[in-house]
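Structure first, commentary second.
The values are calculated or read from the model by the stated rules, or taken from the named source; none is laboratory data. Here the structure is a predicted model, which is why all the values come from computation and not from measurement. Every residue, glycine among them, receives a Cβ derived from its backbone with ideal geometry; neighbour counts consider all protein chains shown. Only protein heavy atoms, including side chains, enter the accessible area calculation; ligands, DNA and RNA are left aside. Shrake-Rupley method; radii C 1.70, N 1.55, O 1.52, S 1.80 Å.
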Amino acid sequence: MSKLLIKNARAIVTCDTEDRVLTGQSILIDGSKIVALGEDLAADNAEVINAQEMFVYPGLVNSHHHLLQAFSRNIPQIQAFELFDWLLFLYNVWTNVTPDYLYYSSMVAMGEFIKYGGTTMFDHHFAFPRGKGRNMIDRQFEAAEALGLRFHAGRSCFTRGKKEGGLPPDDLVETLDEVLEDSLRVVERYHDPGEFSMRQVVLAPCSPFSVDSDVMIESAKLARDKKVRLHTHLAETLDEEKYCLETYGKRPLAWAEDCGWVGSDVWYAHGIHFTDEEIDILSQTQTGVAHCPVSNMKISSGIAKIPQMLEKNVPVGLAVDGCGSNDASNLMADIKIGYLLHRLNSSNKAPTGYQILKLATVGSAKLLGRNDIGSISVGKAADLFMINVSRLELVGALLDPAAFLATVGYSRPVDFTIINGKIVCKDGKLTGVDEEIIKEQAAQEVAKVYNRF
Ligand SMILES: [Zn+2]
């Protein structure tokens with residue numbers, strides 16, 4: 001097993017249970033694991049990284065994404081739309097998704113994520129157009145493996161199309177049997193529940209207005225039988241709330257509860273429009289929320305009550321959301337934007353910059369059911385990133401390394417991203433793939449789709 005010694009770091013923001021920020025200390029990695037943390041560490045045959053000018057952070061964990069949207073960004077026609085109209089336009093783009101399309105859009109978005117300090121990605125993939133090929137999730141695992149990314153795939157679906165009163169077009173709709181069969185297949189093929197696992201599967205029907213109760217109920221049963229987690233969009237917009245009241249006769253959370261979708265193995269994307277009583281239910285059941293500040297701002301969905309959720313000990317993580325509504329896969333940028341959003345909205349009740357960083361590390365890790373990632377601690381997986389802060393523009397901005405990413409922010413690719421003990425990004429470049437080749441191939445996939453319009 002190879003060893004890596006990160007030597008004499010200017011600061012290590014551990015995000016550990018004691019919230020330690022270490023200065024002048026080193027990290028020894030053996031294989032996948034952090035095996036020592038301290039002063040004057042040495043190791044024979046270890047590759048050494050001089051970290052004297054580096055701030056070191058735990059790898060960022062994205063708790064909600066749609067990788068297919070890398071190729072549906074910055075579309076002029078929908079930049080002023082809110083969620084339902086935005087989706088109605090984009091469903092037509094997504095009927096063109098093939099396994100190759102998804103492979104390259106995943107490569108692009110995962111590559112960007114890694115370059116900005118990302119180490120674990122959860123993706124929520126819902127587009128399985130009829131006749132376009134079933135091996136979508138398979139191609140995502142393939143992309144993640146090439147890049148060295150720790151990947152949790154959400155096998156999502158649409159089961160309520162237009163003719164049943166749902167939002168998606170009927171050719172994006174699957175039957176209950178098709179969904180359950182492919183969900184079971186990907187769980188059995190890819191889900192690894194072990195320590196330092198690089199591949200996990202989550203069952204994740206898409207949203208209250210695109211699936212029916214049956215697929216929610218049956219997915220919950222299957223997930224609990226196979227011991228995998230559950231994820232869906234919930235309480236994202238007031239349009240969704242109105243849809244639930246009209247269709248199910250109840251609010252979104254009450255519908256989810258009726259389907260068996262609360263508990264410590266469940267987390268929702270967004271969770272903006274919860275009442276105080278509903279936040280109490282999340283707290284009592286330890287049901288989690290992936291907070292997506294940039295997406296929520298871009299499509300005017302609202303501001304999640306994150307200060308109240310944190311006060312009530314609701315599990316909260318940070319997420320990019322799909323890069324169609326972000327329009328990027330850079331979770332490091334979202335730390336700053338999320339921090340500023342809540343400062344504006346809640347003043348001194350807002351989370352601190354360090355608390356927002358923790359949402360993007362240990363917070364998101366908890367949503368994914370992982371206690372082996374999210375902090376720089378002995379025994380945890382060696383997932384971290386490093387920034388050389390010896391730059392003209394950062395002089396005078398380095399007093400608080402724990403808050404730095406939220407307050408000052410950092411807007412360029414990092415110097416090192418390490419996942420499971422391997423350097424996957426060095427000097428801002430991916431090490432697992434030839435970026436020039438992937439860039440050309442991905443651009444050809446984009447051209448194929450847009451040529452159809
Ligand atoms: Zn989403």
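What number goes with the only condition from (1) away from the ligand (no atom under 16 Å from the Cβ); (2) touching a helix residue (DSSP H, G or I) at 6+ places or on another chain (Cβ under 8 Å); (3) not in a helix (DSSP H, G or I) that SER325 does not pass?
For SER325, the exception is condition (1).
Among the residues of region 111-122, write down those that are of a type in the set (Phe, Trp, Tyr) and either in a helix (DSSP H, G or I) or within 15 Å of ALA328 (Cβ to Cβ) (or both).
Listed by number, the residues that qualify are PHE113, TYR116.
Here's the yes/no breakdown for (1) touching a residue at least 24 places away in the same chain (Cβ under 8 Å); (2) away from the ligand (no atom under 13 Å from the Cβ); (3) surrounded by fewer than 20 Cβ atoms within 10 Å (Cβ to Cβ):
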site	(1), (2), (3)
GLN200	yes, yes, no
LEU203	yes, yes, no
SER207	yes, no, no
VAL215	yes, yes, no
SER219	yes, yes, no
LEU222	yes, yes, yes
ARG229	yes, yes, no
THR232	yes, no, no
THR237	yes, no, no
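Here are LYS448, LYS426, LYS366: which of them is more than 14 Å from THR14 (Cα to Cα) and either hydroxyl-bearing (Ser, Thr, Tyr) or modelled with pLDDT under 95 (or both)?
On inspection, the qualifying residue turns out to be LYS448.
Would you tally the residues in region 57-110 being open to solvent by 10 Å² or more (accessible area, probe 1.4 Å) and outside any helix (DSSP H, G or I)?
Qualifying residue count, region 57-110: 10.
Report the residue count in region 406-453 for those that are within 21 Å of TYR103 (Cβ to Cβ), open to solvent by less than 70 Å² (accessible area, probe 1.4 Å) and among the hydrophobic types (A, V, I, L, M, F, W, C).
Summing the residues that are within 21 Å of TYR103 (Cβ to Cβ), open to solvent by less than 70 Å² (accessible area, probe 1.4 Å) and among the hydrophobic types (A, V, I, L, M, F, W, C) in region 406-453 gives 11.
So PRO193 ticks every box in (1) in a helix (DSSP H, G or I); (2) open to solvent by 40 Å² or more (accessible area, probe 1.4 Å) but one. Which box is left unticked?
The single condition PRO193 does not satisfy is (1).
TYR116: open to solvent by 30 Å² or more (accessible area, probe 1.4 Å), away from the ligand (no atom under 15 Å from the Cβ), in contact with a Leu (Cβ under 8 Å, 6 or more places away or on another chain) and modelled with pLDDT of 95 or more, yes or no?
Judged against the criteria, TYR116 is a match.
Failed condition for TYR243, given (1) farther than 22 Å from ARG160 by Cα; (2) open to solvent by 20 Å² or more (accessible area, probe 1.4 Å), with all others met?
(1)
Please identify the pairs in which a residue from region 123-148 that is in a helix (DSSP H, G or I) has its Cβ atom under 9 Å from the Cβ atom of a residue that is open to solvent by 10 Å² or more (accessible area, probe 1.4 Å) and within 16 Å of the ligand (Cβ to nearest atom), counting only partners at least 6 apart or on another chain.
none
β-branched (Val, Ile, Thr), farther than 21 Å from TRP94 by Cβ and either within 13 Å of the ligand (Cβ to nearest atom) or open to solvent by less than 30 Å² (accessible area, probe 1.4 Å) (or both): is that true of VAL320 in this structure?
no
Show the residue pairs that are 6+ apart or on different chains and have beta-carbon atoms under 7 Å apart, the first residue being within region 334-351 and in a helix (DSSP H, G or I), the second being open to solvent by 70 Å² or more (accessible area, probe 1.4 Å).
LEU341/MET297
Would you kindly identify the strands (runs of 3 or more DSSP E) lying entirely within region 1-54 that contain at least 1 residues that are of a type outside the set (Gly, Ala, Ser) and open to solvent by 10 Å² or more (accessible area, probe 1.4 Å)?
3-9, 25-30, 33-38, 47-50
When both residues are 6+ apart or on different chains and their Cβ atoms are under 9 Å apart, which pairs have a first residue that lies in region 304-324 and is of a type in the set (Gly, Ala, Ser), and a second that is near the ligand (Cβ under 10 Å from one of its atoms) and in a helix (DSSP H, G or I)?
As it stands, the answer is ALA319/SER295; GLY322/GLN69; GLY322/SER295; GLY324/GLN69; GLY324/SER295, since those pairs meet every condition given.
Find the helices (runs of 4 or more DSSP H) located wholly in region 241-299 whose residues include 3 or more that are away from the ligand (no atom under 16 Å from the Cβ), and list them.
252-258, 276-285
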